[in-house]
Structure formats: structure tokens, C-alpha cells
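The values are calculated or read from the model by the stated rules, or taken from the named source; none is laboratory data. Note that the structure is predicted; figures quoted are calculated from it, not measured. Here the Cβ positions follow ideal geometry from the backbone for every residue, glycine too, while neighbour counts run over all protein chains shown.
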Amino acid sequence: MPVKNRFAELLPEITEWRRDLHENPEILFETHRTSAIVADKLRVFGCDEVVEGIGRTGVVGVIKGKTDGSGKTIGLRADMDALPILEATGLDYASKTPGAMHACGHDGHTAMLLGAAKYLAETRNFDGTVVVIFQPAEEGGGGGREMCEDGMMDRWNIDEVYGMHNWPGKPVGSFAIRPGAFFAATDQFDIYVEGRGGHAAKPQETVDTTVVASHIVLALQTVVSRNADPVQQIVVSVTSFETDSKAFNVIPQKVQMKGTIRTLSEEMRDLGEKRLTEIAEATAAVFGAKATVDFHRGYPVMVNHEEQTEFAADVAASVSGACEEAPLVMGGEDFAFMLEERPGAYILVGNGDTAMVHHPEYNFNDEAIPAGCSWWAEIVEKRLGAA
């Protein structure tokens, strides 16, 4: 396939871009260096329009085809931000920023979409318009939502939008996708428990918040085991437990807990919020304490559209020879906001036998670059009908 051959030729150059980004990670919306590099390259490639500052630090590039008889516009999205992790890879291009690391492969996503943009700007072998979207703050900041709220979809009349994520454990350059709910909604909660503190030698004079909060942690597990339909997906995890005392002989007055609920449907999302609040408040009351729950809805369920998913799978099969059905993922992905505004699909590309994402020893596999770039280019040329 000519596309794959071209990206094989570009591989050393794209790899160089990727490793530079890896060495200089930026977190959330602080992608100032990354965004500037992306915008500069898009201008050098000859994009018809390059706009910075969409969704605070996002970048959009517009590439027009040889013809525009279709009047259609396809959006291609990559995320740019890193994670607050101390890198432990020992690579010669490891992060130079202590406490920041491209531990999820967004450096690879950005480099692959830049490669696809370079090719599409060179060839323009399609009928319509391509909008390449470089998004900040996927890792918890909601950069996708910010770009949509900035009017990106309407401003460039985007009809469909496609995204990609690398996936450790899958063969390099292979693909997997599924229609419908794919990545989970990621909601967070804080539970504040207040009792009556006192001396640890006189527990009868206290309302022991550590005991109360411990019962809440255990009781919350019944949301999954006794409230949810067993064939539905829901995860309830308490991930932080902190008291207002550090002394060995003091029963604390207050305890704060943090955690997350992951679901793949609005029904389960509502159930999780309702039961979490009821269980925390009622359990505390049984012991004479008080619990207050702050529930924060995060990214929604990411839902692939059926027609676009089937098309994306066919393109992936043409690139790599096959496309498997992907598993459900209880992690979150803020591409969900873009798929709420426009039909589209999100696909996984194999990263090979590497450490999992969000691990300090993870590294994006540069051998996946030709397949990823080819998928994006083929999405455009097949969906917009080569002119």
C-alpha cells in the first residue's frame, strides 16, 4: 500500500519528533512548547489554516483536498499532554522534567497525527476537508470538552471525528475496536466523616471516625455486589483515606475519603451516585457520626457510533490485515465529549509487549507509527473518496 510505504520512509523523521516530545513532557493545559511545535510543523507542511488557543492550548490545522465536491469535513484527533509521573525507563531521551512523563503515549499519538498531516498536505488525494485536532489535558483536565465548548465542531463544520490510542499487550501495529459503549464514565467522590474525637484510651467517650469510615468503605462494595445488575459494569474504589490526626493516641474528629466510580451506562452511573450517598450517610448515622458526600461527574461514557466504527474497522483491516473486537475498558477517555457532538469512532493500535500505560517504565513503541499514520490517512482517503 503506497500510504504504508510513505510512512515507512517518514518513520525516522516522525520518530525524532516523538522522542523530542517524550523528552519534554507537559501536563494538562500547560502544553505550550508542544502546541507551538505542532503549530509550526503544520504551517511548514502547508496546511491551509492553523489556529492555536482552541480549548486554551489546543491546536487545529485545516487541509483542503484537491476538490471539495463532497462538502464534507473529517476531524482527526490526537492528545498532547503527559502525566505527573517520575519516569523510570532509563532511556537516553527520557523526560528532562522531574515528575512529568509521557506515560500514556500521547507523544506517539501527536507524532503519528503530525505524520498523517504531512502526508495529507503533500498528496491532498481526497474530496473535502480534513481538520487535524491536537488536544491538551486529556489526563483529567477535560481538554476535549474545552475544545468543543470553544465551538470547534461548528467553526470548521466537522461532520465526523476519529481518534486513536496505543494499547500495550497487543501486537505492534494491530488494531482493535468495538461499537457502542467502549470507555467508562469516570466520576469522582469525596466523603467527609465527622464524629467526636478524643483520647484513644477512652473510646467510649468518642464517636470514632476511623471505625465509621472503615464500615463505609466495606459497605460501598455492596453497590457492585448487591445493588447493580451482575451483567452490568460498575467499579467502586475508595483510593484515599485521611484523618485529621497524626498522633498514635488520638481518635480523630474527621476523616476524608476519596475515590472513583466507573460505569458504562447512564443507568449504572445514576445508581452509583445514589447508592454511594445513601450508604455513606446512613452508615455514619448508625454510629452517631455524620457523612457528607461530594460527587463530581467526570468524563462521560465514550460511545463509538456504529456506522463509523464499522468503517474504521474496515480501514484498520486494510492497513494491518485484521481488526479485532476490543474489550470494554473501565478507564476514561475525554474523546467522549467529541463523540457526543459528532458521529465517529475511537480505535486501539497495538504497542507490543511493553509496560502498561500510566506506568513509570512505559514507552510508546515507535514501530507502531507507520500503521497508526496509515490508518488516519486511509480514513480520510476512503471516507472522502480520493479525488
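In table form, for the structure just shown:
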| item | result |
| --- | --- |
| Options ARG262, ARG297: the member that is loosely packed, with under 15 Cβ neighbours inside 10 Å, basic (Lys, Arg) and not in a helix (DSSP H, G or I) | ARG297 |
| Matching option when the condition is part of a loop (DSSP other than H, G, I, E, B), surrounded by fewer than 17 Cβ atoms within 10 Å (Cβ to Cβ) and at pLDDT 95 or above, among GLY90, GLY53 | GLY90 |
| Any helices (runs of 4 or more DSSP H) falling wholly within segment 301-387 and containing at least 1 residues that are farther than 17 Å from ALA78 by Cα and of a type outside the set (Asp, Glu) | 306-320, 369-383 |
| Residues within segment 37-61 that are more than 17 Å from CYS148 (Cβ to Cβ) and out of contact with any helix residue (DSSP H, G or I) (no Cβ under 8 Å at 6 or more places or on another chain), tallied | 6 |
| Residues of segment 144-198 that turn out to be small (Gly, Ala, Ser) and under 30 Å from SER214 (Cα atoms), as a count | 5 |
| Cross-chain or 6+ apart pairs with Cβ under 6 Å, segment 290-313 first and closer than 28 Å to ARG196 by Cβ, then among the aromatic types (Phe, Trp, Tyr) | THR292/TYR192; PHE295/PHE189 |
| Index of the failed condition, GLY75 passing every other in (1) under 23 Å from PRO343 (Cβ atoms); (2) under 20 Å from the mean Cα position of the chain (by Cα); (3) part of a loop (DSSP other than H, G, I, E, B); (4) not charged (D, E, K, R) | (3) |
| Some residue of segment 277-291 being in the same structural domain as VAL231 (by TED's automatic domain parsing) and under 22 Å from the mean Cα position of the chain (by Cα) | no |
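Residues are listed down the side, and each one gets a yes or a no for (1) of a type in the set (Lys, Arg); (2) on the phi < 0 side of the Ramachandran plot:
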{"position": "PRO12", "(1), (2)": "no, yes"}
{"position": "THR15", "(1), (2)": "no, yes"}
{"position": "ARG18", "(1), (2)": "yes, yes"}
{"position": "ALA39", "(1), (2)": "no, yes"}
{"position": "VAL50", "(1), (2)": "no, yes"}
{"position": "VAL60", "(1), (2)": "no, yes"}
{"position": "LEU83", "(1), (2)": "no, yes"}
{"position": "GLY99", "(1), (2)": "no, no"}
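Residue by residue, here is whether (1) more than 30 Å from the chain's Cα centre (by Cα); (2) in a helix (DSSP H, G or I); (3) without any contact (Cβ under 8 Å) to a residue 40 or more places away in the chain holds:
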site	(1), (2), (3)
LYS170	no, no, no
ALA181	no, no, no
PHE189	no, no, no
VAL212	yes, yes, no
VAL224	no, yes, yes
PRO230	no, no, yes
SER240	no, no, yes
PHE248	yes, no, no
